[in-house]
1. Looking only at the range 99-140, filter to residues that are open to solvent by less than 40 Å² (accessible area, probe 1.4 Å), of a type outside the set (V, I, T) and not in a helix (DSSP H, G or I); which one of those is modelled with the lowest pLDDT?
2. Please verify whether A154 is part of a helix (DSSP H, G or I), open to solvent by less than 20 Å² (accessible area, probe 1.4 Å) and either out of contact with any strand residue (DSSP E or B) (no Cβ under 8 Å at 6 or more places or on another chain) or modelled with pLDDT of 95 or more (or both), treating the condition exactly as stated.
3. Looking at the range 141-150, which of its residues are surrounded by fewer than 21 Cβ atoms within 10 Å (Cβ to Cβ) and either part of a helix (DSSP H, G or I) or of a type in the set (V, I, T) (or both)?
4. May I ask you to verify whether V218 is among the aliphatic types (A, V, I, L, M), farther than 19 Å from V177 by Cα and under 15 Å from the mean Cα position of the chain (by Cα)?
5. Would it be correct to say that L23 is open to solvent by 40 Å² or more (accessible area, probe 1.4 Å) and modelled with pLDDT of 95 or more?
6. Only one residue in T48, T41 is over 24 Å from Y241 (Cα atoms), open to solvent by less than 40 Å² (accessible area, probe 1.4 Å), in a loop (DSSP other than H, G, I, E, B) and free of Cβ contacts under 8 Å to residues at least 60 places away in the same chain. Which one?
7. One residue is enough: does the range 58-68 have a residue meeting the conditions assigned to a loop (DSSP other than H, G, I, E, B), at pLDDT 95 or above and open to solvent by less than 50 Å² (accessible area, probe 1.4 Å)?
Amino acid sequence: TIAGIAQMGGAVAYACSLADDELGSHYAEDFNKLGIHLTGTPKSGDQTGLCLILVTPDGERTMKTYLGASAQLSPSDIDEAAIAQSQWLYLEGYLLTSEITREGSFHALDLARKHATQVAFSFSDGFLVEAFGEHLRKIVKEYANLVFANELEAAAYTGMRDPESSLNAILQDCDHVCVTCSEKGSYIHYQGTTHFVPAFPTHAVDMTGAGDMYAAGVMYGLGMKASAERAARLGSRTASYVVSQMGARLEGDLRTTVQAILTAD
């Protein structure tokens with residue numbers, strides 16, 4: 001998501017926990033090339049995390065993850081100045097799975113509140129709603145300005161299978177909500193109005209990163225003061241790009257796409 005916003009032309013920072021090893025250096029150099037400011041001190045005596053993604057012929061994927069040093073993300077890795085300068089703090093639900101990363105997350109959330117930075121929160125996975133629902137619901141109700149969930153995650157949160165009904169139920173806890181429905185499109189409710197945005201037709205090769213790129217488009221669009229519908233269309237377009245290829249990182253920049261979507265008549 002952060003890489004996608006950078007490719008759209010956004011100024012971004014990313015709080016992470018890397019090891020002091022070759023993989024950590026590669027990761028940091030990769031983000032540096034994209035102009036992303038990394039915060040966090042490299043950890044000694046550990047290994048940078050890895051994720052092996054297995055993709056089936058229909059584009060679905062299974063992730064085999066070794067968290068490594070990323071499981072050590074703590075309050076000391078959070079840059080208050082970066083949060084203070086930002087329009088958005090984007091937080092993923094996976095950070096709720098351990099005590100130390102949870103502590104780092106709520107520290108970042110408190111800093112966002114202190115500096116009036118808006119909070120966007122991704123549910124990340126339906127199992128998080130079941131396993132860490134108390135913490136997740138606290139974020140949605142007390143901190144989040146915008147929630148991202150796919151239809152399965154939204155159903156886990158609300159108990160409702162219809163995505164629009166789920167969206168309306170989440171709105172009882174948070175003012176702005178996006179619910180994505182894969183190739184069926186997405187719903188965005190922002191500033192009192194709900195829009196349905198169709199998906200852009202594409203041949204799905206690898207679904208990895210679809211929700212991440214959707215969130216990137218929405219947050220970049222809203223940050224540029226575009227309408228919620230146009231922001232969601234930008235997210236839908238960039239998501240269609242990433243699922244049509246192998247891998248979650250698009251090549252080059254996305255400024256032409258941004259201009260086409262946000263300035264179209």
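The values are calculated or read from the model by the stated rules, or taken from the named source; none is laboratory data. All of these numbers come straight from a predicted model, not from anything done at the bench. Cβ placement follows ideal geometry from the backbone for every residue including glycine, while neighbour counts extend to all protein chains displayed. Each accessible area value is taken on the protein alone, full model and side chains, heavy atoms only, with ligands, DNA and RNA left out. Shrake-Rupley method; radii C 1.70, N 1.55, O 1.52, S 1.80 Å.
1. This residue is S124.
2. So A154 fits the description; yes.
3. K141, E142
4. No: the conditions fail for V218.
5. Numbers: open to solvent by 40 Å² or more (accessible area, probe 1.4 Å): yes; modelled with pLDDT of 95 or more: yes.
Taking the combined requirement at face value, the residue satisfies it.
6. Exactly one residue qualifies, and that residue is T48.
7. Within the range 58-68, not a single residue is assigned to a loop (DSSP other than H, G, I, E, B), at pLDDT 95 or above and open to solvent by less than 50 Å² (accessible area, probe 1.4 Å).
Per-residue answers, yes or no, for (1) more than 24 Å from L54 (Cα to Cα); (2) in a helix (DSSP H, G or I); (3) open to solvent by 30 Å² or more (accessible area, probe 1.4 Å); (4) out of contact with any helix residue (DSSP H, G or I) (no Cβ under 8 Å at 6 or more places or on another chain):
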{"residue": "E164", "(1), (2), (3), (4)": "yes, yes, yes, yes"}
{"residue": "A169", "(1), (2), (3), (4)": "yes, yes, no, no"}
{"residue": "V205", "(1), (2), (3), (4)": "no, no, yes, no"}
{"residue": "G221", "(1), (2), (3), (4)": "yes, yes, no, no"}
{"residue": "A231", "(1), (2), (3), (4)": "yes, yes, no, no"}
{"residue": "T238", "(1), (2), (3), (4)": "no, yes, no, no"}
